[in-house]
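The values are calculated or read from the model by the stated rules, or taken from the named source; none is laboratory data. The model shown is predicted, which means the values in this text are computed figures rather than measured ones. Using ideal geometry, Cβ is built from the backbone for each residue, glycine included, and neighbour counts are taken over all protein chains shown.
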Amino acid sequence: MLQCFAVSLTEQVLYDNDSMNSYLFIYVPKDRSVRLRVMPEQSNDYRVVVFGAGGVGKSSLVLRFVRGTFRESYIPTIEDTYRQVISCNKQVCTLQITDTTGSHQFPAMQRLSISKGHAFILVYSITSRQSLEELKPIFDEIVEIKSDMDNIPIMLVGNKCDEINREVSQSESAELAKRWNCAFLETSAKTNYNVKELFQELLQLEKRRTMSLQLETKKTKSQKRKEKLKGKCIVM
Ligand SMILES: Nc1nc2c(ncn2[C@@H]2O[C@H](COP(=O)(O)OP(=O)(O)O)[C@@H](O)[C@H]2O)c(=O)[nH]1
Ligand SMILES: [Mg+2]
């Protein structure tokens, strides 16, 4: 399906064909308005967008999940998309995870990411009340753009729970998650606490399809026959 977005831009935006999935590569000069065209979508892609203030650990969570790595140094992100094969309605599909910049320099990019996203991870750091506050306008924007909020999986994530200088209590965030009608988890990308669980739970919140991180595709007839034979064989 070919979709059109009319977005009024006050900043310079670069869209890269490799980012969210297939936007046209567009450079927009300041104080001009532009019509962004989006290429046809792959129907079996499942797009998850990770939002949150700079430094809360968005990239660390994504890299921990996708690559199993963690780095102590902070390298600001513009926008990266990672792909992972998962199971969706017992078929193979691609989980696309978009790790966003976290700054508010690119509001048009943020709106487009929300329009294209199927599910959202909203990350704050438990060591920063400010980072939780910064999620509120993002959540409001998701509500504004998505008409079917009941069907949109959202996880509120308190990262850096390995840290001792906590500013946000678990109960406060759980209360907020209740108000937002979304799920809540505390994680640590550093110690790998609740990272896989975060993605697993997010996929389980998806009501429109049956999603799983494990590939459980339909077995072919010959696979079934082989398995049946295996059970009957006796090693002499
Ligand atoms: N203690 C601790 N530090 C973390 C954790 N996750 C990320 N960091 C650190 O926080 C900084 C920012 O992380 P990064 O993933 O780049 O944040 P982003 O701007 O949200 O993508 C880096 O120095 C990371 O090493 C965590 O779970 N615990
Ligand atoms: Mg980052």
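Of the residues making up the range 83-124, those that are within 16 Å of ligand 1 (Cβ to nearest atom) and hydroxyl-bearing (Ser, Thr, Tyr) are 98, 100, 101, 103, 113, 124.
State whether the residues of the range 57-70 include one that is among the aliphatic types (A, V, I, L, M), within 11 Å of ligand 1 (Cβ to nearest atom), surrounded by 18 or more Cβ atoms within 10 Å (Cβ to Cβ) and assigned to a strand (DSSP E or B). Walk me through it before giving the result.
So in the range 57-70, the residues among the aliphatic types (A, V, I, L, M) come out as 61-63, 66.
Filter again for within 11 Å of ligand 1 (Cβ to nearest atom), leaving 61-63.
Still in the running and surrounded by 18 or more Cβ atoms within 10 Å (Cβ to Cβ): 61-63.
Checking the rest, the ones that are also assigned to a strand (DSSP E or B) come to none.
Checked the range 57-70: no residue is among the aliphatic types (A, V, I, L, M), within 11 Å of ligand 1 (Cβ to nearest atom), surrounded by 18 or more Cβ atoms within 10 Å (Cβ to Cβ) and assigned to a strand (DSSP E or B).
Output yes when any residue across the range 169-176 is assigned to a strand (DSSP E or B), assigned by TED's automatic domain parsing to the domain that holds residue 204 and under 23 Å from residue 194 (Cα atoms), and no when none is.
Going through the range 169-176, the residues assigned to a strand (DSSP E or B) turn out to be none.
No, the range 169-176 contains no residue that is assigned to a strand (DSSP E or B), assigned by TED's automatic domain parsing to the domain that holds residue 204 and under 23 Å from residue 194 (Cα atoms).
Scanning the range 172-189 for residues that are more than 21 Å from residue 97 (Cα to Cα), surrounded by 14 or more Cβ atoms within 10 Å (Cβ to Cβ), touching an Asp or Glu at 6+ places or on another chain (Cβ under 9 Å) and at pLDDT 95 or above turns up at least one hit.
Kindly check whether there is at least one residue in the range 80-96 that is in a helix (DSSP H, G or I) and over 13 Å from the mean Cα position of the chain (by Cα).
First, pick out the residues of the range 80-96 that are in a helix (DSSP H, G or I): none.
No: the range 80-96 contains no residue that is in a helix (DSSP H, G or I) and over 13 Å from the mean Cα position of the chain (by Cα).
The listed residues are 102, 68, and the only one of them that is in the same structural domain as residue 154 (by TED's automatic domain parsing) and in contact with a Pro (Cβ under 9 Å, 6 or more places away or on another chain) turns out to be 102. Inclusion of residue 73 among residues that are modelled with pLDDT under 90 and either more than 11 Å from ligand 1 (Cβ to nearest atom) or in a helix (DSSP H, G or I) (or both) is not warranted.
Okay, residues lined up against (1) within 12 Å of ligand 2 (Cβ to nearest atom); (2) closer than 30 Å to residue 162 by Cα; (3) in contact (Cβ under 8 Å) with a residue 12 or more places away in the chain:
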{"site": "67", "(1), (2), (3)": "no, yes, no"}
{"site": "70", "(1), (2), (3)": "no, yes, yes"}
{"site": "74", "(1), (2), (3)": "yes, yes, yes"}
{"site": "79", "(1), (2), (3)": "yes, yes, yes"}
{"site": "83", "(1), (2), (3)": "no, yes, yes"}
{"site": "91", "(1), (2), (3)": "no, no, yes"}
{"site": "96", "(1), (2), (3)": "no, yes, yes"}
{"site": "107", "(1), (2), (3)": "no, no, yes"}
{"site": "119", "(1), (2), (3)": "no, yes, yes"}
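Consider residue 54 carefully, then state whether it is of a type in the set (Gly, Ala, Ser), more than 16 Å from ligand 2 (Cβ to nearest atom) and assigned by TED's automatic domain parsing to the domain that holds residue 194. Lay out the reasoning, then the answer.
Values: of a type in the set (Gly, Ala, Ser): yes; more than 16 Å from ligand 2 (Cβ to nearest atom): no; assigned by TED's automatic domain parsing to the domain that holds residue 194: yes.
Considered against the rule, which asks whether it is of a type in the set (Gly, Ala, Ser), more than 16 Å from ligand 2 (Cβ to nearest atom) and assigned by TED's automatic domain parsing to the domain that holds residue 194, residue 54 comes out as no.
Among 168, 143, which is without any contact (Cβ under 8 Å) to a residue 12 or more places away in the chain and either within 16 Å of ligand 2 (Cβ to nearest atom) or touching a helix residue (DSSP H, G or I) at 6+ places or on another chain (Cβ under 8 Å) (or both)? I'd like the intermediate steps shown before the answer.
Details: 168 fails: without any contact (Cβ under 8 Å) to a residue 12 or more places away in the chain.
Exactly one of 168, 143 is without any contact (Cβ under 8 Å) to a residue 12 or more places away in the chain and either within 16 Å of ligand 2 (Cβ to nearest atom) or touching a helix residue (DSSP H, G or I) at 6+ places or on another chain (Cβ under 8 Å) (or both), namely 143.
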